[in-house]
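The values are calculated or read from the model by the stated rules, or taken from the named source; none is laboratory data. All values derive from a computational prediction rather than experimental measurement. In this analysis, Cβ positions are derived from the backbone assuming ideal geometry, glycine residues included, and neighbour counts consider all displayed protein chains.
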Amino acid sequence: MKDTSKPFALDISGLVKRFDRPAVDGLDLRVQSGEFYALVGPNGAGKTTTLRMVAGLLKPDAGAITIAGIDALADPVAAKQVMAWISDEPMIYDKLSPLEYLEFVAGLWRVEAAAAEARARELLDWLGLAPHAHERCEGFSKGMRQKVALAGALVHEPTVIILDEPLTGLDAGSARQVKSVLRERARAGGTVVMTTHILEVAERMADRIGIIASGRLIAEGTLEELRGQAGKSDFTLEDTFLALVAKEAVAA
Amino acid sequence: MSAPATLSWFARHEFRLAWRDWLSMMTAGKASRLRMAALALASFVLFMHFIAFLALRNVADPGLSPGKTALVVVTGCALLSWSLMISQAMESVTRAFYTRSDLDLILSSPIAARKVFSVRIVTMALGTALMATLLAGPFIHVLVIRFGARWLAAYGVVVSMGATAAALAVALTVVLFRAIGPKRTRLAAQIVAAVIGAAFVIGLQVAAILSQDTLSRFAFLRSDTLAARAPDVASLMWWPARAMLGDWQALAAVAAASLTMLGAAIFVFSGRFGEHAIAAAGIANARTKQAPAAAFRHASPRRALRRKEWTLLRRDPWLVSQTLMQILYLLPPALMLWRGYGDGGVFAVLVPVLVMAAGQLAGGLAWLAISGEDAPDLVATAPVPAGFLVRAKIEGVLGAVAIVFAPLLAALALIAPFQALVAAAGMAIAVIAATLIQLWFRNQAKRSHFRRRHTSSRVATFAEAFSSIAWAATAALAAGESLLALMPAAIGVGVLIAARALSPRDVPG
């Protein structure tokens, strides 16, 4: 059982973002501390836009975002201090080595140098990057780059980690390492919010799954609860997802 | 319609790509700007005609039997253009080796790479000649109007120069490739290209300073000293100049010689192009080991950002060469400073050159720091206010500019403290203005797109150039203690206000 007396790790209410059409349309979402939450949905459903607003990379048109009890719109700096963001396209510096990259991130988050170095070395070791710690990232594969970005997200020990499609383009070995790091993080009390189009990953890893379509949360819960909402107890997550999205499309 | 996989078919494909690339560069990838780009191009051509008219209004027709001085001046001007053409052609050749947009497709197809690269070398020659024609055309037209149609022969010389420039560029790059390997060639070729482009201009200025005590290249070209040392008027060396002046026999010889050179370059090198391109592709996966740092150093976010900016710049020799190449143009004024020790007239040249160069350097560095951020999400999600990040990046730019210009400024301060103070103030304003313009027009891009940064906003490009010119003029007049300095200063402020008004609104600051 999750401790409901604590503030939500992530609390989104009435979130709206319009581009030429509404991308996020009055979204409400709550994730508890220590929870692993997967956000799934069809292409263009508003998953990435939602997470980019949470990370402070996009300004919402309306709504509220609270991260670990901090109003992210009123005090973005304090909210960013406890959060990490990783996008599907790992953005790192080609001319820095993984260790130098982690030193830079530690500087941005004001982590004490000795603690940051110890943590950085532990993370690189954990992610299998220790032999490449002093190589410049320019020759790294996508999987290695994603792992460097993940180490960067974890070096300042965030309370909430927001990931947008972190497993896209990774080989099986790298994907397993990334999944294991994330699961470990959730087990240690951190909160992980992740979008994914790989439903198996959501099914296996997430405590709860949210299904988003047309910028709104159309269903949420454990796999069992979602099956219940779809009306079929023997459905896989894929069947459940497709049934719920189709139901929403008919209703719309 | 030509048959697939023939030379003409490839040529059609290459020209279509080149045309679309050029169009995209002119319109910054937005089709809606086509009319505006056409208008801007037409205005530029008209403006160039006006400049050509002003430059040539007092020039006398050397006729078909020119004297040695006329031949020296025409040849000097041609060599100036030719050095720039070789530089441009080398850039194109390097791009052909290292830009992978379609090489994988071409090299994996069952078609002889020789055909493709033959066409590509010809396209480079034409592209080089076309750019030169655009710049030289207005001058040729003014000469045709003033002295007759025989000056149209100059077009033939420009095209011939394009052909020889491409041939030479291919040969130079391939020689570099074989001598120092694909990894070093990329940087070396870029530096050689830039040095070739600048060397002749700078060389002429240095010669002018040493012999005539002036920065004017033309004073040197017209000097008796040079005329006395130049070959006799009957020498073959003057044939390109004679061809330009309308000697059709000379033009035929020059055209034949240059086309032969281009043909030879295609024959010798096109077959190897594919191998070199494959070798160049191999370096993308090469890894560079860094010497391990002793330990993590404590750093505030501001210091971490500054350190990161400088490290990235220091480790990218190509960017260093691109941003610092303009420092080469400081050599002649530095030489003037050294020779004119104690001569007040020197400052009228030196102060604006310093201010202009500082503004231009700051523009490039500011683009790298602000728009060329390779991990924008990471920096944007750091727990520091947005304004703080921008300030830290601007400090990085100011620091780098200060390091580059401090020695010259210190030397100037020893000779003339007041002028040094004016130069320092002018440089600071020019640097801040260039950085603000980059900030207002920031447009996230990869650092490797540094050379194409001007295409994202023409307004920003022109604002940066006009701002640097205005502050350079202000400093020049202020160094001479003239109140007229207020006029260009007002223009500089006006440029900044206009740039801010035209900039996108969603940026801080």
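Being away from every other protein chain (no Cβ under 14 Å), of a type outside the set (Asp, Glu) and over 24 Å from residue B:303 (Cα atoms) is the requirement here; does residue B:400 meet it? Outline the logic, then answer.
Details: away from every other protein chain (no Cβ under 14 Å): yes; of a type outside the set (Asp, Glu): yes; over 24 Å from residue B:303 (Cα atoms): no.
For residue B:400, the condition - away from every other protein chain (no Cβ under 14 Å), of a type outside the set (Asp, Glu) and over 24 Å from residue B:303 (Cα atoms) - is not met.
Residues that are crowded, with 24+ Cβ neighbours inside 10 Å and modelled with pLDDT under 85 within the range B:448-481 comprise just one, B:460.
Taking the listed residues A:84, A:116, A:45, the one that is among the small types (Gly, Ala, Ser) and more than 28 Å from residue A:171 (Cα to Cα) is A:116, with no other qualifying.
Being surrounded by 23 or more Cβ atoms within 10 Å (Cβ to Cβ) and at the interface with chain B (Cβ under 10 Å from one of its Cβ atoms) is the requirement here; does residue A:148 meet it?
On the way: surrounded by 23 or more Cβ atoms within 10 Å (Cβ to Cβ): yes; at the interface with chain B (Cβ under 10 Å from one of its Cβ atoms): no.
Spelling it out, it is not the case that residue A:148 is surrounded by 23 or more Cβ atoms within 10 Å (Cβ to Cβ) and at the interface with chain B (Cβ under 10 Å from one of its Cβ atoms).
Within the range A:199-210, residues that are over 15 Å from residue A:181 (Cβ atoms) sit with their Cβ atoms under 8 Å from residues that are charged (D, E, K, R) and assigned to a strand (DSSP E or B), at 6+ positions apart or across chains, in these pairs: A:208/A:220; A:209/A:220; A:210/A:220.
Which residue out of A:40, A:82 is in contact with a Phe, Trp or Tyr (Cβ under 8 Å, 6 or more places away or on another chain), touching a residue at least 60 places away in the same chain (Cβ under 8 Å) and closer than 30 Å to residue A:203 by Cβ?
Working: A:82 fails: in contact with a Phe, Trp or Tyr (Cβ under 8 Å, 6 or more places away or on another chain).
Matching residue, one of A:40, A:82: A:40.
Condition check: in a helix (DSSP H, G or I), within 8 Å of another protein chain (Cβ to nearest Cβ) and at pLDDT below 90. Does residue A:138 satisfy that? Yes; evaluated as a whole, the condition is true for this residue. When only residues in the range A:92-124 that are at the interface with another protein chain (Cβ under 7 Å from one of its Cβ atoms) and among the aromatic types (Phe, Trp, Tyr) count, which is surrounded by the most Cβ atoms within 10 Å (Cβ to Cβ)? If we take residues in the range A:92-124 being at the interface with another protein chain (Cβ under 7 Å from one of its Cβ atoms) and among the aromatic types (Phe, Trp, Tyr), then A:104 is surrounded by the most Cβ atoms within 10 Å (Cβ to Cβ). Checked against (1) within 14 Å of chain B (Cβ to nearest Cβ); (2) in a loop (DSSP other than H, G, I, E, B); (3) in contact with a helix residue (DSSP H, G or I) (Cβ under 6 Å, 6 or more places away or on another chain), residue A:158 passes all but a single condition, namely (3). Pull up the range B:420-447, narrow it to residues that are of a type in the set (A, V, I, L, M, F, W, C) and not in a helix (DSSP H, G or I), then point me to the one that is surrounded by the most Cβ atoms within 10 Å (Cβ to Cβ). For the range B:420-447, the residue satisfying everything is B:441.
Would you be able to say whether some residue in the range A:231-251 is farther than 24 Å from residue A:87 by Cα, touching a residue at least 40 places away in the same chain (Cβ under 8 Å) and touching a Pro at 6+ places or on another chain (Cβ under 7 Å)? Within the range A:231-251, one or more residues are farther than 24 Å from residue A:87 by Cα, touching a residue at least 40 places away in the same chain (Cβ under 8 Å) and touching a Pro at 6+ places or on another chain (Cβ under 7 Å).
What about residue A:58, is it within 13 Å of another protein chain (Cβ to nearest Cβ) and under 24 Å from residue A:249 (Cα atoms)? No. Inspect the range B:380-397 for any residue being of a type in the set (A, V, I, L, M, F, W, C), touching a Phe, Trp or Tyr at 6+ places or on another chain (Cβ under 7 Å), more than 21 Å from residue B:311 (Cβ to Cβ) and modelled with pLDDT of 85 or more and give the result as yes or no. No; the residues of the range B:380-397 include none that is of a type in the set (A, V, I, L, M, F, W, C), touching a Phe, Trp or Tyr at 6+ places or on another chain (Cβ under 7 Å), more than 21 Å from residue B:311 (Cβ to Cβ) and modelled with pLDDT of 85 or more. Between B:175, B:144, the distinction of being over 25 Å from residue B:255 (Cβ atoms) and of a type outside the set (S, T, N, Q) belongs to B:175 only. Would you check if residue B:418 is more than 13 Å from every other protein chain (Cβ to nearest Cβ), among the aromatic types (Phe, Trp, Tyr), under 17 Å from residue B:351 (Cβ atoms) and out of contact with any His (no Cβ under 6 Å at 6 or more places or on another chain)? Answer is yes for this residue. A single entry from A:163, A:167 fulfils the requirement of being more than 9 Å from chain B (Cβ to nearest Cβ), outside any helix (DSSP H, G or I) and more than 28 Å from residue B:384 (Cα to Cα): A:167.
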